[in-house]
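Here's the structure, in C-alpha cells; my notes come after.
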Ligand code: PMP
C-alpha cells in the first residue's frame with residue numbers, strides 16, 4: 001500500500017492540550033536562543049516530537065493538522081512507512097560514497113524516473129544535487145555552457161533561493177536580500193509576471209512587456225529564462241492562461257533556455273505530476289527538489305539531453321549531490337506518486353478547500369482572492385482598494401496555530417495564507433483544518 005489510508009488516530013487532530021507553544025517547547029526555545037543564530041526565523045515555535053501522516057505531534061502532546069508540509073516537502077507525510085523503511089535499509093548498507101567517486105544504482109533509477117515523467121517529448125538527462133537553490137544555480141550553469149551567454153531573465157515576485165545568484169533572482173527584498181549585497185544583479189533582469197490580481201495586464205500585454213524587456217537588453221545576452229509554474233513565495237500566483245506557453249515561445253525564438261522551476265509546485269502538488277502540464281509549457285530544463293526526497297535533501301535538473309550534455313565531464317557535481325539515502329527516499333516517494341490514488345486525493349483536497357474558501361470572496365470584504373491549484377491553494381487579504389493587510393493575515397495564521405492548525409503566510413506583501421497539506425492528507429482532516437481557518441477569518445474580519 002503506497003497511499004496512506006485514513007486512520008482514526010490522525011483524525012483525532014487537532015488536539016490542543018497546553019497553551020501554544022507549550023511549556024516544554026518554551027524551555028527548548030529558550031535553549032535554542034542561546035545556541036542558534038538569530039538569523040533563522042520560525043513560523044510556529046513548537047518542537048516536534050513525531051509525525052503521523054498529516055498530523056504533527058509536539059513535545060507537549062499537542063496534535064497539529066499540518067497544512068504546511070514543511071513548505072511543500074513532506075507531500076507523502078513526514079513519516080511515510082515506505083520512505084522510513086528505504087532510508088533505514090540504505091543507511092545500514094552505506095550512507096555515502098560521493099557519486100563522483102564511486103557509483104550506486106539508486107542515482108540512476110531516480111534519473112530514469114524523472115526523465116520518463118518530466119514534460120517534454122525529447123530525449124532527457126538528469127543531474128542530481130541537494131537543495132533547490134543548487135538546482136537553480138546548476139540550471140543557470142548548464143544554460144550558460146550551452147548558449148555561451150551570461151544573462152538570466154526572471155519574473156516579478158519570483159523566488160528561486162537564498163544562495164548568492166538565486167538571491168539575486170529572488171524578487172522580495174526583505175528578508176531575503178536586504179543587507180546581503182552586492183548581488184550579481186548585473187546578469188539578472190526582471191520582467192512582469194502578469195499578476196492576474198494586481199498587474200492590470202492581460203496575457204497578450206504581459207507577454208509584449210516581457211518581449212520589450214528582452215529587446216531592451218538584447219535577447220542574445222540571455223542564457224536562461226527561469227519561471228515558476230505557480231509562484232510560491234510570491235503569493236501562489238497562478239499564471240494567466242497562455243502566459244507560460246507564450247514565455248516558452250519567446251525564449252525559444254531567441255535561443256534562450258526555458259527553465260521551469262517546479263521546486264514548490266511540482267511532483268503532484270497541483271493535481272498533475274508537474275504544474276507546467278496545466279499550461280502546456282514544458283521546460284527545456286525542469287527543476288525539482290522539496291517533495292522529491294520526502295524530507296531528505298535532494299534536488300534535480302532534468303532536461304533536453306543536448307543541453308544537459310553540453311557540460312564538460314567534471315563540470316557538475318557536489319559532495320552530497322544525489323546522496324544514496326536521499327535517492328532511496330525519492331524512490332519511495334515515486335511509488336506513492338505513481339499510485340493513481342494520490343492525485344485523486346489531491347483533487348478531493350482541492351474540492352474540500354475550494355468549497356470552504358471560494359464563497360468568502362463574496363462574503364467577507366477583506367478576502368481579496370482565493371487561488372491556486374490542487375493542494376497548493378491560497379487566500380489573499382486586502383482592503384477594497386487592494387491595499388495588502390499583512391497584520392490581519394498574520395493574526396489569522398496565529399489564531400490557526402493556537403487552535404492546532406499549522407498554516408503558513410506568503411506573498412510579496414505578506415498578506416496571503418497558503419495551504420500546502422501533504423498530498424496524502426485525509427480530505428476530512430484538511431476540511432477540519434480549513435473550517436478552523438474560516439472561523440479565524442470570520443472572527444478577525446468582524
Ligand atoms: N525555487 C522555488 C520555487 C522554491 O519555492 C524554493 C524554496 N522555497 C527554492 C527554489 C529554493 O529551494 P531550497 O530552499 O531547497 O534551496
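Quick notes
- Test for residue 248: is it assigned by TED's automatic domain parsing to the domain that holds residue 322, away from the ligand (no atom under 13 Å from the Cβ) and in contact with a strand residue (DSSP E or B) (Cβ under 7 Å, 6 or more places away or on another chain): yes
- Selected residue (only one of 267, 337 is at pLDDT 95 or above, more than 16 Å from the ligand (Cβ to nearest atom) and under 19 Å from the mean Cα position of the chain (by Cα)): 337
- Checked against the criterion of being in contact with a helix residue (DSSP H, G or I) (Cβ under 6 Å, 6 or more places away or on another chain), within 26 Å of residue 395 (Cα to Cα) and modelled with pLDDT of 95 or more, region 24-35 has no qualifying residue.
- Subset tally (residues that are out of contact with any helix residue (DSSP H, G or I) (no Cβ under 8 Å at 6 or more places or on another chain) and either over 13 Å from residue 185 (Cα atoms) or modelled with pLDDT under 95 (or both)) for region 156-172: 4
- For residue 378, the stated conditions hold: it is part of a strand (DSSP E or B), modelled with pLDDT of 95 or more, under 20 Å from the mean Cα position of the chain (by Cα) and surrounded by 15 or more Cβ atoms within 10 Å (Cβ to Cβ).
- Which listed residue is in contact with a strand residue (DSSP E or B) (Cβ under 8 Å, 6 or more places away or on another chain) and closer than 21 Å to residue 135 by Cβ, from 375, 330, 368, 382: 330
- Taking the numbered list (1) within 15 Å of the ligand (Cβ to nearest atom); (2) within 24 Å of residue 409 (Cβ to Cβ); (3) surrounded by 17 or more Cβ atoms within 10 Å (Cβ to Cβ); (4) free of Cβ contacts under 8 Å to residues at least 60 places away in the same chain in turn, residue 177 passes all entries but (3).
- Inspection of region 216-226 finds no residue satisfying the criterion of being under 13 Å from the mean Cα position of the chain (by Cα), under 24 Å from residue 177 (Cα atoms), within 12 Å of the ligand (Cβ to nearest atom) and not in a helix (DSSP H, G or I).
- The condition of being part of a strand (DSSP E or B) and either within 11 Å of the ligand (Cβ to nearest atom) or over 16 Å from residue 136 (Cβ atoms) (or both) does not hold for residue 213.
- Qualifying residue in region 22-36 (condition: more than 18 Å from residue 400 (Cβ to Cβ), without any contact (Cβ under 8 Å) to a residue 12 or more places away in the chain, under 26 Å from the mean Cα position of the chain (by Cα) and in the same structural domain as residue 344 (by TED's automatic domain parsing)): yes
- The test for being buried (at least 22 other Cβ atoms within 10 Å of the Cβ) and more than 30 Å from residue 148 (Cβ to Cβ) holds for residue 230.
- Note on region 387-446: residues that are assigned to a loop (DSSP other than H, G, I, E, B), out of contact with any helix residue (DSSP H, G or I) (no Cβ under 9 Å at 6 or more places or on another chain) and touching a residue at least 40 places away in the same chain (Cβ under 8 Å) total 1.
- Matching entry among 388, 359 (being surrounded by fewer than 17 Cβ atoms within 10 Å (Cβ to Cβ), assigned by TED's automatic domain parsing to the domain that holds residue 61 and at pLDDT 95 or above): 359
- Restricting the first member to region 132-156 and to residues that are in contact (Cβ under 8 Å) with a residue 12 or more places away in the chain, and the second to residues that are within 14 Å of the ligand (Cβ to nearest atom) and assigned to a helix (DSSP H, G or I), the beta-carbon pairs closer than 6 Å and six or more apart or on different chains are 133/166; 136/166; 137/165; 152/140; 154/169.
- Subset of region 333-356 [in the same structural domain as residue 94 (by TED's automatic domain parsing) and in contact with a strand residue (DSSP E or B) (Cβ under 7 Å, 6 or more places away or on another chain)]: 333
- Region 362-375: number of residues that are surrounded by 14 or more Cβ atoms within 10 Å (Cβ to Cβ) and free of Cβ contacts under 8 Å to residues at least 40 places away in the same chain: 1
The values are calculated or read from the model by the stated rules, or taken from the named source; none is laboratory data. Model, not experiment: these values are computed from the prediction. FYI the Cβ positions are ideal-geometry reconstructions off the backbone, even for glycines, and counts take in every protein chain you see.
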